[in-house]
Amino acid sequence: MRHVLLSLGSFIILLFLLQSIPQEACAQNSSSADEIGEESDDVVRVVRFSGNRDISDSALRTLVRTENNREFLGIPRFTPWYYLWQAFGIGESPAYLDRETVGNDIERINVYYENLGYFETSVDTSIIEYKKNRVEVSFIIDEGPRSRINSVSYTGLPQFDDPDLIPRFYSSSEFNGSIVNDSTIAVNEPYLVQKLRREQTRIITFLKNNGYASAQRDSVNALAKPVDEVANQYDILFSIQPGRSYTFGDVHITLSGPENESDFDESRSFTGEPYTVGGRTIFVSKHRTAQTKFSLLTEQIRYTPGETFDQSAFLQSVNSFQNLGMMLTNRFALNEERSIPDYSKEAIPSYFDLQTVPRHSIRAEFFGMRRYGFGSGLGLNYNNNNLRGRADNFSIGLNTSLEYVTSGTLREIAPSDGGTQILDNSESTIFQSYEVSTEYTLPRLNFPFQRFRNRSWVQSARTRYALTYSQSNQLFFDINSDIRFNTRYEVNHSNRLTSLFDLVEMDIIDSDPSSQFLDNLEAQFTNQPIVLARIEEDFRPQFSSIIRYTLRNRNTNLIKRNFGYSSEFSIAFAGNVPFLLDRYVFSAGTTDQTLPSPFGISSNALAYSRFIKLSADYRRYIPLSENTVFAFRGFAGVAHPVFESDNIPLNRRFFAGGSNDIRGWDSFRLGPGNIISDEAPRPGGDIKLALFKELRQIFLRDVWSSNWHIAWHTDAGNVWYGPKTELLDEDGNDLLEDGRFFIDDFYNQIAVGSGLGLRFDWEFMVVRFDFTYRIHDLEEGWFEDPGVYFSFGIGHSF
């Protein structure tokens, strides 16, 4: 019987080999034979793997550095970039054979298999010159049996005052199985060194977060003992040597101004509750140009000096300083001069060296524009990132534009043919607009949620107040006033989980469509009364308000979207603010469903609606191989009017179509149901269901510094009116019947689009081109539309 001490050295060897490859060997085919002494004149045309029944060729290719030239579309030996180099000296230079690299590849493959539990793997190589200076390199692998872990045990865990700590420790183990006794778990799973290393890291983190600050890699070792009379099975014992327990010592905070001054002229110390216990002190020194209050700095310390050391609390404090947005963290450490703490003393002090950034900034933008005529605009923005010395960010901005339109252009915009009315006023006109916006942001929870600032489920938080006012006169309508106000609370619970709570989100739009615009609408949609009625309804002045909670969970790269998931769930209740004003301020105990224009700007009455809105958006990204990702998305949403209301405001509805939605239909051109033609923008719906899938395959790597993907996409869905939304004609007939959601018929109104696309994937951006066929067109039917619909986008569609 043999005992093996696993300090996970084989894993470290693999990392060392992967990271210590000379740059010349890692750069694909970038060196000639003369530059690398071990290379020959032989060119590698094919790299093969044989005998690998459990590990795929694609996985092994990521390990080896012996490579042939890039093959187009994976066609063996078809390497056009190499052919270009042969013919013209441009393209991709030959992939020369390097026997030393081949030897290192054999070692890497062996170590890789060993980390997967294949302890009897043997790897050999065969190099065949099938043509002068042209070789095939074959890696011949005998994998052997794979080992398994029978059980996992722990010894040496210290005792804690909190009786729940040890049960939580076991419940969060990397290994799942039945509990044999108070320190052993029966697992029966494949042997994986990476998993053993993750468990080792988890144990060390657990110790550091509960007082044992000196715990290191050598504090936790894994002993692997073969199981008697069972081949290739091991019992794992984690031997833990935690060392001594520590407490937090004094805290030292220094804050310099934007010039990073070293002479601090303001200092204070904080001792005793609620700041410290056990006689410990928080020392704060700052320069007067920092213009920051002492209280802001002490509030960022997420632990109490004198209490048990907790590494996670120390790191949360670092994140708190960094999230303020008005200072730089030049240094944070547990030692005044070195990076390693002094473990000879019971208390470990902490040090934060901070520097503020410039407080004031002004940005100006000038731009030209051409829409109906020629115009120009100006944008000014002032920002103060530390308004009251507590990292409060205040900004105010002004944007304005003027556009001159000639009389000839006005006549061209509104031609007299086709029944469309000529604009009565054909004189040259200047259209103008302006917008004033202000925003106030605090890096913490503010009233009424300040009591939750230091809760364990609050990693960081932000409160945002935003107010915008704008006016504009346009060709066919004037916006007398557009007032938007929002109060939002944002809480990051972890690196993945975020809560967004909009306590108040209001939008007051008071607009006046011109008589010419209304005449043009009536002339254009004479034969489409539903479209005409919906547009007239949507152009009514509106007062919308909403209170909303959103839970967002993300575990993916938001640019690449090649692993993990993203989900967002939202619930909202709308119309509460205008209803209260209507009932208790303007109508004295009754409700008219309208309010007067703010500040008496116009004589219009503002309509409002009360409704509930729910939505769920889930996205999953599944890597099928190194080059292939299967992605899918599901979306469901419903908005339902409540009480006296019978419709959803235009800006709160669901819409379908567009390059980031159901491709094959332009934005706002799909639904509700199949109620209207494809010639006019759709008014949106109260219910939306949609499914999306995409299969992405990399077929070219590192071309123009990007990876090229081909993608097969299929999108399906639609929007519908809900049961309470009404629009009646003069005879009382329901004009929305064909666009309403019915459980026994909605599936017949699902639009389906499918096609192929290209993705150009840079590190910082993805550019997308899609070509879509309408598999199910709601007017033409299944496979009746031969057209191809193009869409372009920046970033993946989901």
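The share of accessible area on the chain that comes from carbon and sulfur is 53 percent, using a 1.4 angstrom probe. Each of Tyr440, Val638, Leu192 was placed along the dipole of the chain (beta-carbon charges, centred on the mean Cα), and the one lying farthest toward the positive end is Leu192. Per residue, the chain exposes an accessible area of 50 Å² to a 1.4 Å probe, with every protein chain left in place. Across the protein chains, with a 1.4 Å probe defining accessible surface, the residues Tyr303, Tyr549 rank Tyr549, Tyr303 from largest area downward.
Counting only residues at least eight positions apart within a chain, or on another chain, the lysines with an alpha carbon under 20 Å from that of Lys613 are Lys688, Lys724. Per-residue 3J(HN,Hα) values for the range 76-88, derived from phi via the Karplus relation 6.51 cos²θ - 1.76 cosθ + 1.60 with θ = phi - 60°, read x, 6, 8, 10, x, 5, 5, 5, 4, 5, 5, 7, 10 Hz in sequence order (x marks Gly and Pro). Please name which of Leu223, Thr463, Tyr234 has its Cα lying farthest along the dipole of the chain towards the positive end, using unit charges on Cβ (Lys, Arg +1; Asp, Glu -1) and the Cα centre as origin. After comparing all options, I get Leu223. Among Ser171, Ser361, the order of accessible area from largest down is Ser171, Ser361, computed with a 1.4 Å probe on protein heavy atoms.
Counting only heavy atoms of the protein chains and using a 1.4 Å probe, Lys131 has close to 130 Å² of accessible surface.
With the charge dipole of the chain set up from +1 on Lys and Arg Cβ and -1 on Asp and Glu Cβ about the Cα centre, the Cα lying farthest toward the positive end among the listed residues Asn627, Thr498, Val251 is that of Val251. Ignoring aspartates and glutamates fewer than eight residues from Lys131 along the same chain, the ones with Cα atoms less than 14 angstrom from its Cα are Asp41, Asp42. When DSSP beta bridges are restricted to pairs lying wholly in the chain, around 90% turn out antiparallel. Remark on Phe309: its backbone amide H falls under 5 Å from those of Gly211, Tyr246, Thr247, Phe248, a criterion applied only to residues 5 or more positions apart or on other chains, H modelled at 1.01 Å from N. Dipole magnitude for the chain: about 2400 debye, using +1 per Lys or Arg Cβ and -1 per Asp or Glu Cβ, origin at the Cα centre. Over every Cα atom in the chain, the radius of gyration and the widest Cα-Cα span, Dmax, amount to 33.6, 101 Å.
Mean residue ellipticity at 222 nm, helices only, the chain: -4500 deg cm²/dmol; runs of at least 4 DSSP H residues each add -39,500 (n - 2.57), and the sum is divided by the number of residues. Amide H to amide H, with H built 1.01 Å from N, Arg134 comes under 5 Å of Val43, counting only residues 5 or more places away or on other chains. Each residue of the range 556-562 is assigned a 3J(HN,Hα), and the resulting list reads 7, 7, 5, 8, 6, 6, 10 Hz, derived from the Karplus form 6.51 cos²θ - 1.76 cosθ + 1.60 (θ = phi - 60°), x at Gly and Pro. Close amide-amide hydrogen proximity is noted between Val642 and Arg610, Phe611, Ile612, each under 5 Å apart and 5 or more residues distant or on a separate chain (H modeled in the peptide plane; Pro and chain starts excluded).
Computed with a 1.4 Å probe on the full set of protein chains, the accessible area for Ser344 sits at about 90 Å². The heavy atoms of Trp782 present about 140 square angstrom of accessible area, all protein chains included, probe 1.4 Å.
Applying the Karplus relation 6.51 cos²θ - 1.76 cosθ + 1.60 with θ = phi - 60° to the range 111-125 yields 3J(HN,Hα) values of 5, 4, 5, 4, 5, 9, x, 9, 8, 10, 6, 10, 10, 10, 9 Hz, where x marks Gly and Pro.
The values are calculated or read from the model by the stated rules, or taken from the named source; none is laboratory data. Given the structure is predicted, the values throughout are model-derived calculations rather than measurements. Heads up, the Cβs are rebuilt from the backbone with ideal geometry, glycines too, and the neighbour counts pull from every protein chain shown. All accessible areas refer to the heavy atoms of the entire protein, side chains included, with ligands and DNA or RNA removed. Shrake-Rupley method; radii C 1.70, N 1.55, O 1.52, S 1.80 Å.
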